[in-house]
Amino acid sequence: MPGPLEGIRVIDFGRFIAGPYCAMMLADFGADVIRVERREGGEDRKLGPVTESGEGGLFLNINRNKRGITLDPAHKLAGEVVRRLVAGADIVVANLPLEVMKRLGLDYDSLRAIKKDIILVMASAFGPDGPYKDRVGFDGVVQAMSGSMSLTGFPGPPVRSIVSWVDYGTALHAAFGAMTALYHRERTGQGQLIDVSLLATGVTFMTPLLAERATTGIKRRQLGNTGYYAAPSDVYKTRDGWIIVPTIGGPMFRRWARLVGKGELIDDPRLADDLSRGDNFSVINEAMSAWCAELTRDQAIAELEAARVPCGPCYNLDEVLADPQVNSRGLLEELEYPGGTKPVPIASSPVRLSETHAGPTRRAPTLGEHTSEVLGELGFTPEDIAALRESRAI
């Protein structure tokens, strides 16, 4: 079946995560996404290499299902290539500093002059206006500035999440914006600029804690894995490993208390509701830790599941790769990549639609793999392409 976005062309000038992951979501469902890289390759191509030729797991995952071309957008001959790419596109994705976008002719006004109904997805660190508009920043910078790092980890230095949640969250906002803009254009014929930023994502995701601080004056502190608003909500050591148990609500708490043989806690006035249980977590954690210490990880999980108390094992990476649910649902696919010594596990589409499925996953492009193919589609002759190569524009 053709993908639901077949016929939509996306030009991906993104780098690292926020732009490329947005474009990947569109590619998964059939959009023709053309990734544009510098002639020497983008700086995100070889982060954490997993192939002999140096491509990293990040690159291979978020650039799947795309075609790849090389282009030096600053070269004097590159302007015509950009013009033709944009003229035939529906969406342009870029997460470059605003002044760089203007210099390269990738800002919204420049693109709209080429194609009136173009949709530009512009991801930036702090947004295109305000006192920080010219600052550069990455995921970790905004994790710090959102307040997240001040509350992550155990008491001590601020701690960054190993997962780049600000980047990925911004990419998902960008993909939602792109689809909303496509729907709007279908009805009105109008393109538009989509403005997403890392800071907006960080502040949005931290809003519950920011709202609490602003309205109640409560000052939260680092508590490691302990939840603020309910208990038990922590990680607990069993005889052969760790589990996590995040509960919320009275019924769940009562089932847990009966399971661990602490029914008297149900009527303890210190534990009357979620918030008070969160405030007095040490009482609950003591009981839970003692219960877990007598059981293996599998035994504890089996008993908690039987009582309908949410729980899960704290996996290492090997255990994730071997997990039966991960494998049953095909959450990872193994793809061969040129220069690889073994197949690379790549995430399958995380969005599954009942009628319009994501297509089969195609590997990420090698550097410049589709340059001649794409430029030929844009009307450049073999001689034109050879001249562009000779001049080092592509």
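The values are calculated or read from the model by the stated rules, or taken from the named source; none is laboratory data. Keep in mind that this is a model prediction, so the values were computed, not measured. With ideal geometry, Cβ positions are generated from the backbone for all residues, glycine too; neighbour counts draw on all protein chains shown. Ligands, DNA and RNA are stripped out before the accessible areas are found, and what is left, the full protein with its side chains, is counted by its heavy atoms. Shrake-Rupley method; radii C 1.70, N 1.55, O 1.52, S 1.80 Å.
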For the chain: span of alpha carbons on each principal axis (Å, largest first): 83, 48, 42
Computed label-point distance, nm, for sites PHE176 and GLN222 using a 7 Å Cα→Cβ extension: 3.1
If I take R0 = 51 Å and measure r between the Cβ atoms of VAL283 and GLU99 in this structure, what FRET efficiency does the formula 1/(1 + (r/R0)^6) give, to the nearest 0.05? 0.35
Along the charge dipole of segment 54-211, pointing to its positive end and built from +1/-1 on Cβ of Lys, Arg, Asp and Glu, which listed residue (HIS173, THR201, LEU120) has its Cα farthest out? LEU120
Would you mind checking the tilt of helix 18-28 against the longest principal axis of the Cα atoms of the chain, expressed as 0 to 90 degrees and rounded to 10? 80
At 222 nm, what helix-only mean residue ellipticity would the chain give, in deg cm²/dmol to the nearest 500, using -39500 (n - 2.57) for each DSSP H run of four or more? -11500 deg cm²/dmol
Sorting GLU55, GLU303, GLU390, GLU336 on solvent-accessible surface, 1.4 Å probe, most exposed first, gives GLU390, GLU336, GLU303, GLU55
Ignoring ligands, DNA and RNA, please state the percent of accessible area on the chain from carbon and sulfur, probe 1.4 Å. 56
At a threshold of 8 angstrom on Cα-Cα distance, excluding pairs fewer than six apart, so keeping six or more, what relative contact order does the chain reach in percent? 20
To the nearest 10 degrees, how steeply does helix 165-188 sit against the main Cα axis of the chain, on a 0 to 90 scale? 50
Between 0 and 90 degrees, rounded to the nearest ten: what's the tilt of helix 297-306 against the longest Cα principal axis of the chain? 80
Alpha carbon centroid spacing (whole Å) that separates segment 355-372 from segment 326-344: 15
Under 5 Å between amide hydrogens, which residues at least 5 positions from ARG38 or on another chain qualify, with H placed 1.01 Å from N in the peptide plane? LEU71
Need the full-extension length gain, TYR183 to ALA144, defined as separation in residues times 0.36 nm minus the C-alpha distance. One decimal, nm. 10.5 nm
Probe 1.4 Å, accessible area per residue of the chain, Å²: 50
Express in nm, to one decimal, how much length is gained between ASP267 and LEU151 on full extension, taking 0.36 nm for each residue of separation and deducting their alpha carbon distance. 38.7 nm
Share antiparallel - DSSP beta bridges, the chain, percent rounded to 5: 35
Looking at the chain as a GNM with Cα springs under 10 Å, which of PRO49, PRO324, PRO158 has the largest mean-square fluctuation? PRO324
So, over other residues within a Cβ distance under 10 Å of VAL10, counting Lys, Arg +1 and Asp, Glu -1, the net charge is 0
Charge tally for neighbours of LEU275 with beta carbon under 14 Å away, counting Lys, Arg as +1 and Asp, Glu as -1, is -1
Does a label point 7 Å from the Cα of ARG39, set along Cα-to-beta-carbon, have any residues of segment 329-373 with amide nitrogen under 16 Å, and which are they? 367-369, 371-372
Looking at segment 89-149, which trypsin sites (Lys or Arg not before Pro) are in a loop (DSSP not H, G, I, E or B) and have at most 12 other Cβ atoms within 10 Å? LYS116
Residues other than ALA181 with Cβ under 15 Å of its Cβ, Lys/Arg counted +1 and Asp/Glu -1, net out at +2
Reduced to Cα centres, the span from segment 61-81 to segment 88-124 in Å works out to 14
How many percent of DSSP beta bridges within segment 26-162 run antiparallel, rounded to 5? 10
Estimate the FRET efficiency between ALA214 and LYS133 by the formula 1/(1 + (r/R0)^6), using the beta-carbon distance for r and 25 Å for R0, to the nearest 0.05. 0.50
